[in-house]
Amino acid sequence: MMRLWRECFGDDEAYVRDYLLSWRPKGKSFVKRADGHIVAAADVHLFGCDGTDVAYIFGVMTDRRYRGRGLASSLVAEILESVRNAGCCLAMLIAGDDSLAEWYKGFGFSSRFAEPVSLVSSDGSFDFGTGCSELNRVQFRIADVAAYLALYSERTGSSFSVAVSDSAIEENNGFFTVENGTVLRSANGTGAAVTVPQLADLYPPCLSHFSYVGRRV
């Protein structure tokens, strides 16, 4: 894991060792193996904001010798399923560059939000972000549209109708009527037609001050 992490991210050994020994969810990481080795991996940590748990996808990496085989894609898909099954309506991540940000959009993640966030451990000793707060621009992925819209409406007092399409999560497809924290889903109706990434862009979660909750959903 040390070799794979440093190869993919270039972080110094002290930082990686601290994460692997103290913060990595031992035995619970999402991994892919080939030829007897871990060749792709990612972790999920929970951060809270205003009583909402958000699953933070951290350290998505693939051995360069095994890239182009869909390993990272498979990891992300598995993680999103796990996030939804665990009852989290929202996931987030920080892409390393613009090309990766576009790649994550293909999995239903939003555009990168302009407002940076702070993602540190509860004792402040470990930074799960980039190390530069200005670069901590997250992308959100709505894992449960109905639950997310109810939360959004409750916080903002908004009422609207929207037709959502999600190629990855069947339960997120449909016509949603949102009013005062209540969400009704039906097979058809009238309203703006949006994809899941567009939904997060149009109705952003407005979350920025996160507190560390724990390891993996």
Q: Within the range 51-72, work out how many residues are hydroxyl-bearing (Ser, Thr, Tyr) and at pLDDT below 95.
A: 1
Q.
For the structure I just gave you, tell me whether Ser110 is polar (S, T, N, Q) and closer than 29 Å to Ser167 by Cα.
A. yes
Q | Residues satisfying the stated conditions in the range 153-167, i.e. buried (at least 17 other Cβ atoms within 10 Å of the Cβ) and either assigned to a loop (DSSP other than H, G, I, E, B) or basic (Lys, Arg) (or both) | A | Asp166
Q | Subset of the range 197-217 (residues that are farther than 16 Å from Phe128 by Cα and open to solvent by less than 30 Å² (accessible area, probe 1.4 Å)) | A | Pro197, Leu199, Ala200, Pro205, Leu207
**Q.** Asp11, sole failed condition from (1) open to solvent by less than 60 Å² (accessible area, probe 1.4 Å); (2) of a type in the set (D, E, K, R); (3) under 30 Å from Pro205 (Cα atoms)
**A.** (3)
Q) Out of (1) in contact with a helix residue (DSSP H, G or I) (Cβ under 9 Å, 6 or more places away or on another chain); (2) surrounded by 15 or more Cβ atoms within 10 Å (Cβ to Cβ); (3) under 22 Å from Ser211 (Cα atoms), the odd one out for Gly87 is which? A) (2)
Q: Any chance you could count how many residues in the range 169-184 are under 24 Å from the mean Cα position of the chain (by Cα) and either open to solvent by 50 Å² or more (accessible area, probe 1.4 Å) or among the basic types (Lys, Arg) (or both)?
A: 2
(Q) List pairs: first residue in the range 141-158 and within 12 Å of Leu199 (Cβ to Cβ), second residue acidic (Asp, Glu) and crowded, with 18+ Cβ neighbours inside 10 Å anywhere in the structure, Cβ distance under 8 angstrom, at least six positions apart or on different chains. (A) Val145/Asp166
Q. Restricting to strands (runs of 3 or more DSSP E) lying wholly in the range 14-70: which have 3 or more residues that are closer than 22 Å to Leu80 by Cβ and open to solvent by 30 Å² or more (accessible area, probe 1.4 Å)?
A. 30-34
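Taking the range 109-139 as the region of interest, how many residues are of a type outside the set (Ser, Thr, Tyr), part of a loop (DSSP other than H, G, I, E, B) and open to solvent by less than 10 Å² (accessible area, probe 1.4 Å)?
So the answer is 6.
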**Q.** Selection status of Pro205, farther than 27 Å from Ala77 by Cβ, not in a helix (DSSP H, G or I) and not small (Gly, Ala, Ser)
**A.** no
Q: Could you grab the pairs with beta carbons closer than 9 Å, sequence gap of 6+ or different chains, first residue in the range 114-137 and free of Cβ contacts under 8 Å to residues at least 12 places away in the same chain, second one small (Gly, Ala, Ser) and part of a loop (DSSP other than H, G, I, E, B)?
A: Asp127/Ser121
**Q.** Failed criterion for Pro197 (all others in (1) in a helix (DSSP H, G or I); (2) in contact with a Lys or Arg (Cβ under 8 Å, 6 or more places away or on another chain); (3) over 30 Å from Gly70 (Cα atoms) hold)
**A.** (3)
Q) Looking at the range 90-108, which of the residues that are in a helix (DSSP H, G or I) and aliphatic (A, V, I, L, M) is least open to solvent (accessible area, probe 1.4 Å)? A) Ala101
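The values are calculated or read from the model by the stated rules, or taken from the named source; none is laboratory data. Bear in mind the structure is a predicted one, so any value in this text is a computation, not a measurement. Positions of Cβ are generated from backbone atoms using ideal geometry, with glycine treated the same way; all protein chains shown enter the neighbour counts. Heavy atoms of the whole protein, side chains included, go into the accessibility calculation; ligands, DNA and RNA do not. Shrake-Rupley method; radii C 1.70, N 1.55, O 1.52, S 1.80 Å.
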